[in-house]
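A short worksheet on the structure shown next.
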Amino acid sequence: MTLYETIFARRSVRRYDKAALDAAALGAIESYVGGVKQLAGQSARFVFAGGEELKGGLAPHAILAYAGDGDAAFVNIGYTLQGVDLWLQSSGYGSVWCGMASPKEAENDYRILLGFGKTDVPLRADESEFKRKKLPDISNEDNAVARAARLAPSAVNFQPWKLTFADGRVTIAANVRGIGRALPGRLYLFDIGIITKHVEVALEHEGKTIAAIEVAGNRKDVSTVVAYEG
Ligand SMILES: Cc1cc2nc3c(=O)[nH]c(=O)nc-3n(C[C@H](O)[C@H](O)[C@H](O)COP(=O)(O)O)c2cc1C
């Protein structure tokens, strides 16, 4: 299954086979994560941990993300690990973003984790199984890229985003009015990165080439701008 197809079938998996993956399987995942593309100028660190090293972890394994404190560093983690989330599920594993979990021993620059492992929970059969906002509420256009973006996961399923398509660019702006207080910390910044990955995968599926992805603004005014050609 391609990453694009996985967008229409993935889900947050919260039930796992408790047995650890074998060394070969873990090695393949580590090698994928080691080579994953980050946003320009960003250098998050990713560290693998077992479920026993976590408080409140939902899965037998986790990828812990460490990065600086800037908003772009948070957006970059969302963007990067959502590529991993799609790849894991396209490879037959389950995965789940865990904002409420944390490593028992963490450095100050710990940001969030993505849990993963073996599961017998099936992928979604189709788009109808997703609970999401209606497309006109999150995008100025109804097109294939917006439809794939709409299915992106977000903390507490808030979907704190607004997409604008214009002149070879997709602008993804944070839309956190009214929900800011309900959301702990800056989780919505990960969400903006997550949907940016969906936009990238969908544009590439449409045959476009990504020219640049930039993070603009701060906190509740943060946005990403995806420029493409073709
Ligand atoms: C940044 C982020 C943090 C999340 N934290 C948690 C969490 O702590 N616990 C949990 O059960 N789900 C967590 N989720 C999963 C969301 O609840 C889930 O993605 C959303 O409800 C949409 O459902 P779906 O992923 O199955 O499509 C998180 C998702 C994101 C993007």
Determine, yes or no, whether residue 56 is at pLDDT below 95 and within 14 Å of the ligand (Cβ to nearest atom).
yes
Which of (1) more than 20 Å from the chain's Cα centre (by Cα); (2) part of a loop (DSSP other than H, G, I, E, B) is the odd one out, the single condition residue 165 does not satisfy?
(2)
Inspect the range 31-40 for any residue being within 21 Å of residue 189 (Cβ to Cβ) and surrounded by fewer than 14 Cβ atoms within 10 Å (Cβ to Cβ) and give the result as yes or no.
yes
Among the residues of the range 12-33, count how many are among the small types (Gly, Ala, Ser) and in contact with a strand residue (DSSP E or B) (Cβ under 8 Å, 6 or more places away or on another chain).
2
Just checking, how many residues over the range 2-47 are within 16 Å of the ligand (Cβ to nearest atom) and part of a loop (DSSP other than H, G, I, E, B)?
10
Taking the residues in the range 6-17 that are surrounded by fewer than 15 Cβ atoms within 10 Å (Cβ to Cβ) and out of contact with any Lys or Arg (no Cβ under 9 Å at 6 or more places or on another chain) as candidates, determine which candidate is farthest from residue 212 (Cα to Cα).
15
Filter the range 154-172 down to residues that are within 11 Å of the ligand (Cβ to nearest atom) and touching a helix residue (DSSP H, G or I) at 6+ places or on another chain (Cβ under 6 Å), then give me how many there are.
3
If you scan the range 41-88, which residues turn out to be of a type outside the set (A, V, I, L, M), within 21 Å of residue 9 (Cα to Cα) and crowded, with 24+ Cβ neighbours inside 10 Å?
78, 79, 80, 82, 85
Flagged in the range 1-35 as closer than 19 Å to residue 64 by Cβ and modelled with pLDDT under 95, in numbering order, are 20
Do we find that residue 176 is modelled with pLDDT under 95, surrounded by 14 or more Cβ atoms within 10 Å (Cβ to Cβ) and part of a loop (DSSP other than H, G, I, E, B) in this structure?
yes
Can you give me the number of residues within the range 100-123 that are crowded, with 16+ Cβ neighbours inside 10 Å, in contact (Cβ under 8 Å) with a residue 60 or more places away in the chain and either within 22 Å of residue 155 (Cα to Cα) or within 11 Å of the ligand (Cβ to nearest atom) (or both)?
8
Considering only residues that are outside any helix (DSSP H, G or I) and either in contact with a Cys (Cβ under 7 Å, 6 or more places away or on another chain) or of a type in the set (Lys, Arg) (or both), which ones fall in the range 188-226?
208
Every residue from the range 124-153 that is more than 19 Å from residue 224 (Cα to Cα) and near the ligand (Cβ under 9 Å from one of its atoms)
124, 129, 130, 131, 132
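The values are calculated or read from the model by the stated rules, or taken from the named source; none is laboratory data. For clarity, every value in this text was computed on a predicted model and none was experimentally measured. Cβ atoms come from the backbone with ideal geometry, glycine included; neighbour counts cover every protein chain shown.
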